[in-house]
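Peer 1: Sharing a structure with you now.
The values are calculated or read from the model by the stated rules, or taken from the named source; none is laboratory data. As the structure is a computational prediction, the values presented were derived from the model and not from experiment. Cβ placement follows ideal geometry from the backbone for every residue including glycine, while neighbour counts extend to all protein chains displayed. Just the protein is used for accessible areas: all its heavy atoms, side chains included, with ligands, DNA and RNA removed. Shrake-Rupley method; radii C 1.70, N 1.55, O 1.52, S 1.80 Å.
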Amino acid sequence: MSNNNYFYKFLEPLSKDLALLARELEYSVFTSPRMMLTHARAFIEDIINRVIKEEGISDIGCSGLNERIYLLQTYDILPVDVRDSVHKVRKLGNEAAHNTKVYRYSEALVSWESLYVLVNWFMKSYGPKNFEIVSYQEPAIESANKYDSQELELRFNQWQDSLLQKLSQIAGQVENNVAVLEKEPDVPIVVPGETKLRSITYKGESLDIPYFLRDAFLLPQRFENAERFMIALGGVQQARIMSELPSDLEGISQHVKRYKEDKEAQLFYDLQNFISEERTRRKVMHERKGELFLFFRSEYIILTENIAQIPLTEKYFTGFPNFLRQLQEDGMMKVGQLPQELLILAKYDRVGVGTVRKLFLQMKEIQGSI
């Protein structure tokens, strides 16, 4: 099932928040059954709270989900099958939150099916009048593994934080006699890996770091204006990988000698370019799965068998014999033995980014002539 056509999309007219969480639950059934069971409990708790609000019932004195379910029972609001399904999801969720055993897909599917009973009743009771029942459907296995378990957990946590913030805003509006806005923002479609992990700021500007770059290696040569600064920071373990960078780059120059604040601005600018280049690379690799690439920044060539077999000699590559000699000494005799990240080659003696670019352009020219 695609991102644009997930099963519980029909929830959007009633609640885009719920639809968003339901979509993440769908992704998690075959990726992390434990996570699905745990957060399915949060899903039903949200629905139960909405029902209480819709019915105008006071839940003062209720200390948890079980007591709120019982409260609705006393008002004879929950049908027996819905009540039993809610308790099933609640119990499975409680167990998964505390028990370290391995959970099976079949257990997540039991919870998924029970969710359907509750959602179907909820939509018929409180949804649009023209709502048509949607037949039960199990998650497609192809929905699994698009997000890894850590990214899914991040998405669930962001959903919960967002919901808590909205509830706090609503409470403040009610307290100040301000009209409560019922309209919710569109449910964002975030492709796997692009979930916002954190932000890095510099003097009022902000960069969102996507999940797929959480532990990206920050090769200094990729930072055109701040290469030497990055090398110096790496020497004091401040900028070797993305997770080492602080949330605010202002003041990072204090960790190294002989570098001033102007380098911080250059680093921030180069970091923007790095993220943009990585997104371009990722998009290309996704669109051309199974292909082999050689990258120079955001440019690339497809490593076909013909070009992979071309010897790294002066017969084919001119203008940098010392560079070719060093490659051969390290066992790189053919183009196919070069690293995917060509800028790594700028580490060699008297070889800079400019020389590596010349090699890349000559390879590109050869590929175009084959």
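Peer 1: Give me a count of the residues in segment 330-347 that are open to solvent by less than 10 Å² (accessible area, probe 1.4 Å) and over 21 Å from F223 (Cβ atoms).
Peer 2: First pass over segment 330-347, keeping only residues open to solvent by less than 10 Å² (accessible area, probe 1.4 Å): 335, 342-343, 345.
Right, trim to over 21 Å from F223 (Cβ atoms) and you get 335.
Qualifying residue count for the region: 1.
Peer 1: Please state which one of S106, S135 is open to solvent by 50 Å² or more (accessible area, probe 1.4 Å), of a type in the set (S, T, Y) and part of a helix (DSSP H, G or I). Don't jump to the end; show me each part of the working.
Peer 2: Working: S135 fails: part of a helix (DSSP H, G or I).
None of the other options fit; the residue is S106.
Peer 1: I would also like to ask the following. What number of residues within segment 80-96 satisfy the criterion of being open to solvent by 40 Å² or more (accessible area, probe 1.4 Å) and either closer than 11 Å to A40 by Cα or in contact with a strand residue (DSSP E or B) (Cβ under 6 Å, 6 or more places away or on another chain) (or both)?
Peer 2: Filtering segment 80-96 for residues open to solvent by 40 Å² or more (accessible area, probe 1.4 Å) gives 80-81, 83-84, 88, 91, 94-95.
If we keep only those that are either closer than 11 Å to A40 by Cα or in contact with a strand residue (DSSP E or B) (Cβ under 6 Å, 6 or more places away or on another chain) (or both) too, we end up with 88, 91, 94.
Residues flagged as open to solvent by 40 Å² or more (accessible area, probe 1.4 Å) and either closer than 11 Å to A40 by Cα or in contact with a strand residue (DSSP E or B) (Cβ under 6 Å, 6 or more places away or on another chain) (or both) within segment 80-96 amount to 3.
Peer 1: Here is a further query. What are the residue pairs meeting all of these: first residue in segment 349-370, first residue in contact (Cβ under 8 Å) with a residue 60 or more places away in the chain, second residue of a type in the set (K, R), Cβ atoms under 8 Å, and 6 or more apart or on different chains?
Peer 2: none
Peer 1: While we're on this one: With out of contact with any Pro (no Cβ under 7 Å at 6 or more places or on another chain), among the aliphatic types (A, V, I, L, M), surrounded by 15 or more Cβ atoms within 10 Å (Cβ to Cβ) and in a strand (DSSP E or B) as the only criterion, which of L327, L294 stands out?
Peer 2: On the way: L327 fails: in a strand (DSSP E or B).
So the residue among L327, L294 that is out of contact with any Pro (no Cβ under 7 Å at 6 or more places or on another chain), among the aliphatic types (A, V, I, L, M), surrounded by 15 or more Cβ atoms within 10 Å (Cβ to Cβ) and in a strand (DSSP E or B) is L294.
Peer 1: Has segment 270-291 got at least one residue that is in contact with a strand residue (DSSP E or B) (Cβ under 8 Å, 6 or more places away or on another chain) and part of a strand (DSSP E or B)? Give the derivation first.
Peer 2: The first filter runs over segment 270-291 and keeps only residues in contact with a strand residue (DSSP E or B) (Cβ under 8 Å, 6 or more places away or on another chain), leaving 271-272, 275, 279, 281, 284-285, 288, 291.
Filter once more, keeping what is part of a strand (DSSP E or B): none.
Looking through segment 270-291, none of the residues is in contact with a strand residue (DSSP E or B) (Cβ under 8 Å, 6 or more places away or on another chain) and part of a strand (DSSP E or B).
Peer 1: In this structure, is I77 assigned to a loop (DSSP other than H, G, I, E, B) and either open to solvent by 80 Å² or more (accessible area, probe 1.4 Å) or out of contact with any Cys (no Cβ under 7 Å at 6 or more places or on another chain) (or both)?
Peer 2: On the way: assigned to a loop (DSSP other than H, G, I, E, B): yes; either open to solvent by 80 Å² or more (accessible area, probe 1.4 Å) or out of contact with any Cys (no Cβ under 7 Å at 6 or more places or on another chain) (or both): yes.
Judged against the criteria, I77 is a match.
Peer 1: When you scan segment 214-227, do you find a residue that is crowded, with 17+ Cβ neighbours inside 10 Å, out of contact with any helix residue (DSSP H, G or I) (no Cβ under 6 Å at 6 or more places or on another chain), modelled with pLDDT of 95 or more and not in a loop (DSSP other than H, G, I, E, B), even just one?
Peer 2: No.
Peer 1: Would you say V335 is β-branched (V, I, T) and in contact with a Pro (Cβ under 9 Å, 6 or more places away or on another chain)? Show your work before the answer.
Peer 2: Working: β-branched (V, I, T): yes; in contact with a Pro (Cβ under 9 Å, 6 or more places away or on another chain): yes.
In short, yes.
Peer 1: A follow-up question, please. Restricting attention to segment 269-276, does a residue exist that is open to solvent by 30 Å² or more (accessible area, probe 1.4 Å) and farther than 23 Å from L361 by Cβ? Let's see the steps before the verdict.
Peer 2: Residues of segment 269-276 open to solvent by 30 Å² or more (accessible area, probe 1.4 Å): 269, 272-273, 276.
Those still in the list that are farther than 23 Å from L361 by Cβ too: 269, 272.
Within segment 269-276, one or more residues are open to solvent by 30 Å² or more (accessible area, probe 1.4 Å) and farther than 23 Å from L361 by Cβ.
Peer 1: What's the total number of residues in segment 138-166 that are at pLDDT 75 or above, outside any helix (DSSP H, G or I) and either among the aliphatic types (A, V, I, L, M) or loosely packed, with under 11 Cβ neighbours inside 10 Å (or both)?
Peer 2: Residues that pass the stated criteria total 1.
Peer 1: Looking at segment 266-309, which of its residues are aromatic (F, W, Y), more than 14 Å from L342 (Cα to Cα) and without any contact (Cβ under 8 Å) to a residue 40 or more places away in the chain?
Peer 2: Filtering segment 266-309 for residues aromatic (F, W, Y) gives 268-269, 274, 293, 295-296, 300.
The next check asks that each one be more than 14 Å from L342 (Cα to Cα); those that pass are 268-269, 274.
Answer for segment 266-309, where residues must be aromatic (F, W, Y), more than 14 Å from L342 (Cα to Cα) and without any contact (Cβ under 8 Å) to a residue 40 or more places away in the chain: there is none.
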